[in-house]
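See below for the structure under consideration.
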Amino acid sequence: MTEQGSIIYLDNGATTKPFDEAVEAALWAMREDYFNPSSAYAQALSVSKKIQRARENVAALMGLPAAGVVFTGGGTEGDNLALLGSVTAARAGKKHIIISAIEHSAVSETAHFLSKQGHDVDLVPVDVSGRVTCEALTERLRPDTFLVSIMHVNNETGAVNDLAALGRLVHEVSPQALFHADGVQALGRVALDGAQSEIDLYTVSGHKINATKGVGALYIRKGVRLVGMQLGGGQEGGLRSGTENVPGILAFGAAAERYLKNKQQYVDHMFALKQRLWNGLCESVEGVIINGPHADAGAPHILNVSFTGVRSEVLLHALEGEGVLVGMGSACSSRRVKISVVLRAMGLDTERAQGAIRFSFSPLNTEEEIDAVLPIIKRQVELLRRYQRR
Amino acid sequence: MQADVILVRVGEIHLKGLNRPFFEQMLIRQVRLALEEYGVKVERAEGRLSVRGFAPEQTPQVMDRLRRVFGVYSVSAAREVSKDLDTVRKAAAEAMQGRSGTFKVLARRSDKQYPLDSMQLAADIGGYILENVPGWTVDVKNPQHKLSVEIREQVAYVYEETPLGVGGMPIGTGGKAMLLLSGGIDSPVAGWMCAKRGMRLEAVHFESPPYTSARSLEKVLQLAKELSLWCGPIRVHVVPFTDVQMKIHDHCPDGELTLIMRRFMMRIACRLARQQNCGAVITGESLGQVASQTMDALGVTDESADLPVFRPLISFDKVEIMERARHIGTYETSILPYEDCCTVFVPRHPVTRPKLANIKASESKLDVQALEDEALANTKQIWVGRKEL
């Protein structure tokens, strides 16, 4: 088994290795700038200003106004706050809520909770490429729909939803509706690009962009009414009470800053890695199918493929044995022997879904790593294919 | 009643005659190990053990711990007082303070010179309690509380309850055996039942990466840890088995896969057992649960062993095994889903009435010795529980 240092990490959809800048920022906040930003003295004010700078950086990377950005404890918390906070702030009464069939559990579980509370929750299905179409959404929109939540980039397949078109549609049919998008996998990879005007709520997470775990942000458009789900000292405009996670926030800001400096370069780099891997697989391994968008489309950092005749968990461990770490299903649900809801919703048959491996990149991955990984994948897939059940 | 001593009664040990000191010594050792963190003193006392030096508020935990030591028949938390009758009366009365109901006194004396005999003693103590402690009445047929009074050679004891211990024989008195430990419900129970008869345990587990994962091994180690709470530290031998399975898959008929695999496991387990000075091998097999556990199949597996094979669960129903697993604390871990993540090495149609000659013929296509040697050479050992002293 290879040591920590020499693994090849291709599971960046699950989490990413923090940039040095992010680690430094967090350490500094722990060693030097440890003050509570709400305290009255100058040192606290200085920390408070640093938080504001981090906020501006994260907002700039999101492509949204900093005034609307609230720091949270992560992507899941942001999704919860968006859904529960908006429903709670509104007038009492049954609400119509639409989410896509392939949302992350942070959204789907919260929506499920709301449906148990008596609200009307509809799932809009996806097409074979894993995207929500305007036609499908139209069928479910009602003039009195309260909230629509559709993820920007799917974490399993990298499928990208056209938020601009979907958002416009939502506000045409239901002018009062809130349009929320889980942008956790989009930040730093797929820009909002024209959808800014339609987005009412947008969730992002720190540890997916080479910052630390335990921090995220929720953008709330001015005028959107939300009630904080974590009550207390009134921090973050009352929307997220609790002493700020200064190390996490400053790390988030530092990572966002680095992404801002290299925005297009990073996107191009990750796309190049994805295509290098896909082309390499096509050339050297038989029976490889892509799940989701084509290799030159979708999010730049996610490649989901099935290897026929091989079970994904077995292949995952086989690759692990050679120091290559990849994803299977989605990180949160890999402990259970279940077919991925996402792949199922895309219409994939059981055998293909059971063989799905997710490769996902960050700006820290290199071409050399891809080149090193290809023969390993070939070797292990061929070995495992020899032992098919008779 | 605040206890000064816990009396520990032994079970079958009293049958052991000349071997008795050895058995008692092993039991004392196990009791000391079990109570290490309480800093107690354990001594032999007239055919029983006495445990002293625990803090009064620790009494329930110490009692609980003791009741799980193999070899302990029952325990009592007692007050130890001088034999003089008046002292004994007062201690008995104190024990009955603050409660009420019906009671009876059970009196015994090993000191035959004592002025009162057992019956008189019971009546005397009973009378004293009635006179001095409000709220009690005597019911000799079906009392709510029984107070025991014992007059021994040096001292007297007063106690109420005698909860039963787990029974069995002290670890170390039954030799050593090698348990084939899988992640399932059965094998930990089989190991426990043998440990209960005094056997020290070693364990062997066969893993098949990448078909099994780090999590499935972790589950097995967790099971061993839960067992070690009963029977002391266990050395787990983890044998890499993928290569063997692949060779069998390549050269032998599909239906015989499982049986040939089990024979390999048995042979490897026996070799390890001999290396570790074990006198037997233990499995969790029970009759008729799965195809490899029909009478014929068990016979085929058994033939490959050259040490006695203990199968304590052979006649148990699944439900009975599950109950035991709950009792010993391994059930919850056993049902965690980290098993083989692939069914490649499970035959579609396993043979249920195998013929030994056929199985051996299939086996002869493999270089059995070389495969076993390779597996043993790459076996790793992991200690679970405290390291052996």
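Determine the order of B:E320, B:E226, A:E286 by accessible area, beginning with the largest, at a probe radius of 1.4 Å.
A:E286, B:E320, B:E226
Using 18 Å as the cut-off for backbone N distance, which residues of the range B:218-253 belong to the label zone defined by a point 7 Å from the Cα of B:E37 along Cα→Cβ?
Answer for this model: B:225-234.
If packing is taken as the average count of other Cβ atoms within 10 Å, what order do A:50-63, B:170-183, B:55-68, A:125-138 fall into, highest mean first?
Those peptides, ordered most packed to least, come out B:170-183, A:50-63, A:125-138, B:55-68.
Once the convex hull of the alpha carbons of the range B:226-317 is built, what does its volume come to per residue, in cubic angstrom?
123
Excluding ligands, DNA and RNA, what is the accessible area buried between chains A and B, summed over both sides, using a 1.4 Å probe, to the nearest 100 Å²?
Answer for the A-B pair: about 1700 Å² buried.
Straight-line reach from B:K247: which lysines have Cα under 19 Å away, leaving out those fewer than 8 places along the same chain?
Hits, sequence-local ones excluded: B:K360, B:K365.
Write down the accessible area per residue of the range B:212-350 in Å², having rolled a 1.4 Å probe over the full set of protein chains.
Each residue of the range B:212-350 exposes 40 Å² on average to a 1.4 Å probe.
For the charge dipole of the range B:289-334, defined by +1 on Lys and Arg C-beta atoms and -1 on Asp and Glu C-beta atoms about the Cα centroid, which residue among B:L307, B:I328, B:V290 has the Cα displaced farthest towards the positive pole?
It is B:I328, whose Cα lies furthest towards the positive end.
Could you sort A:I8, B:I234 by their accessible area in this structure, using a 1.4 Å probe and putting the largest first?
Result, largest first: A:I8, B:I234.
Quick check: at a probe of 1.4 Å, how many percent of the accessible area of the range B:222-345 sits on carbon and sulfur atoms?
54
Could you tell me the largest-minus-smallest coordinate of the C-alpha atoms of chain B on each of the three principal axes, in descending order and whole angstroms?
That gives 86, 36, 35 Å along the principal axes, largest extent first.
What is the percent carbon and sulfur in the accessible area of the range A:1-148, measuring with a 1.4 Å probe over the protein chains and ignoring ligands?
The C+S portion of the solvent-accessible surface of the range A:1-148 is 53 percent.
Could you check the spin-label model distance between B:D84 and B:T102? Points 7 Å from the Cα along Cα→Cβ, value in nm.
3.7
Accessible area drop of at least 40 Å² (1.4 Å probe, protein heavy atoms): which residues of the range A:365-390 qualify, relative to the chain alone?
Listed in order, they are A:Y387, A:R389, A:R390.
Evaluate E = 1/(1 + (r/R0)^6) for A:R225 and A:A165, where r is the Cβ-Cβ distance and R0 equals 22 Å; express this FRET efficiency to the nearest 0.05.
Given R0 = 22 Å and the Cβ-Cβ separation, E is 0.30.
Return one quarter of the surface area of the convex hull spanned by the alpha-carbon atoms of the range A:211-348, equal to its mean projected area, in nm².
12.4
On full extension of the chain, what length is gained from B:D139 through B:L336, given 0.36 nm per residue of separation minus the C-alpha to C-alpha distance?
65.8 nm
Contour minus end-to-end for B:E218 and B:A55, with contour as 0.36 nm per residue of separation and end-to-end as the Cα-Cα distance?
Value of the extension gain: 55.0 nm.
Across the range B:13-109, how many lysine pairs, 8 or more positions apart or on different chains, have C-alpha atoms separated by under 26 Å? Please give the number.
4
What are the trypsin sites (Lys or Arg not before Pro) within the range A:169-227 that DSSP puts in a loop, where the Cβ has at most 10 other Cβ atoms within 10 Å?
Hits after loop and neighbour filter: A:K222.
How big is the charge dipole of the range A:145-206 about its Cα centre, in debye rounded to the nearest 20, if each Lys and Arg gets +1 on its Cβ and each Asp and Glu gets -1 on its Cβ?
Around 60 debye, computed over the range A:145-206.
Based solely on its DSSP helices, what 222 nm [θ] is calculated for chain B when runs of n ≥ 4 H residues each add -39,500 (n - 2.57) and the sum is averaged over all residues, nearest 500 deg cm²/dmol?
The per-residue figure over chain B is -11500 deg cm²/dmol.
Rounded, prolate or oblate: which fits the range A:147-259 when a ≥ b ≥ c are the square roots of the eigenvalues of the alpha-carbon gyration tensor, with rounded for a/c under 1.5 and prolate only if a/b beats b/c?
oblate
Which three lengths, in whole Å and largest first, does the range B:113-178 cover when its Cα atoms are put on their principal axes?
The Cα atoms of the range B:113-178 stretch 60, 31, 19 Å along the principal axes, largest first.
Once you order the gyration tensor axes a ≥ b ≥ c over the Cα atoms, which shape class does the protein assembly as shown get: rounded for a/c under 1.5, otherwise prolate or oblate by comparing a/b with b/c?
It is oblate, given that a/c is not under 1.5 and a/b is not larger than b/c.
Quantify how strongly other chains surround peptide A:312-318 by giving the mean number of their Cβ atoms within 10 Å of each of its Cβ atoms.
The mean count of partner-chain Cβ atoms within 10 Å per residue comes to 5.
For A:K213 and A:E368, FRET efficiency with R0 = 22 Å and r from the beta-carbon atoms, rounded to 0.05?
0.20
I need the semi-axes of the equivalent ellipsoid of the range A:1-70: take the C-alpha gyration tensor, multiply each eigenvalue by 5, square-root it, list largest first in whole angstrom.
Largest first, the range A:1-70 gives 31, 19, 8 Å.
How much accessible area per residue does the range A:57-125 have, in Å², with a 1.4 Å probe?
37
Quick one: if you stick a label point 7 Å off each Cα along the C-beta vector at A:Q275 and A:E139, how many nm between them?
3.5
If packing is taken as the average count of other Cβ atoms within 10 Å, what order do A:341-349, A:277-285 fall into, highest mean first?
A:341-349, A:277-285
Running a GNM on chain B with Cα contacts under 10 Å, which residue among B:I282, B:I185, B:I151 ends up with the highest mean-square fluctuation?
Largest GNM mean-square fluctuation: B:I151.
Quick one: of the DSSP bridges fully inside chain A, what percent are antiparallel, nearest 5?
The answer is about 50 percent antiparallel.
I'd like the orientation of helix B:20-34 relative to chain B: the angle between its Cα long axis and the longest Cα principal axis, in ° from 0 to 90, rounded to 10.
It works out to around 80 degrees.
Taking the Cα centre of the range B:187-299 as the origin, how large is its charge dipole in debye, to the nearest 20, when only Lys and Arg (+1) and Asp and Glu (-1) carry charge on their Cβ atoms?
540
Percent of alpha carbon pairs in the range A:122-195 separated by more than 14 Å?
57
Quick check for chain A: number of Lys pairs with alpha-carbon distance under 14 Å, counting only pairs 8 or more apart or on different chains?
4
Can you give the FRET efficiency for A:A40 and A:E109, using 1/(1 + (r/R0)^6), R0 = 41 Å, r = Cβ-Cβ distance, to the nearest 0.05?
According to the calculation, E is roughly 0.50.
Modelling each spin label as a point 7 Å along the Cα-to-Cβ direction, I'd like the B:H349/B:E320 distance in nm, to one decimal.
Reported label-point gap for B:H349 and B:E320 is 3.4 nm.
Take the alpha carbon gyration tensor of the range A:226-274, find the square roots of its eigenvalues, order them as a ≥ b ≥ c, and report rounded if a/c is under 1.5; if not, report prolate when a/b exceeds b/c, else oblate.
prolate
Just how large is the dipole of the protein assembly as shown about the Cα centre, in debye to the nearest 20, putting +1 at every Lys and Arg Cβ and -1 at every Asp and Glu Cβ?
The calculated dipole for the protein assembly as shown is roughly 1640 debye.
Beta carbons within 10 angstrom, averaged per residue: use that to sort the peptides A:143-156, B:123-136, B:211-224, B:291-304, highest first.
A:143-156, B:211-224, B:291-304, B:123-136
The values are calculated or read from the model by the stated rules, or taken from the named source; none is laboratory data. Here the structure is a predicted model, which means the values were calculated and not measured. As a convention, Cβ positions derive from the backbone with ideal geometry for all residues, glycine included, and neighbour counts pool all protein chains shown. When the accessible area is computed, the model is the full protein with side chains, heavy atoms only, and any ligands, DNA or RNA have been set aside. Shrake-Rupley method; radii C 1.70, N 1.55, O 1.52, S 1.80 Å.
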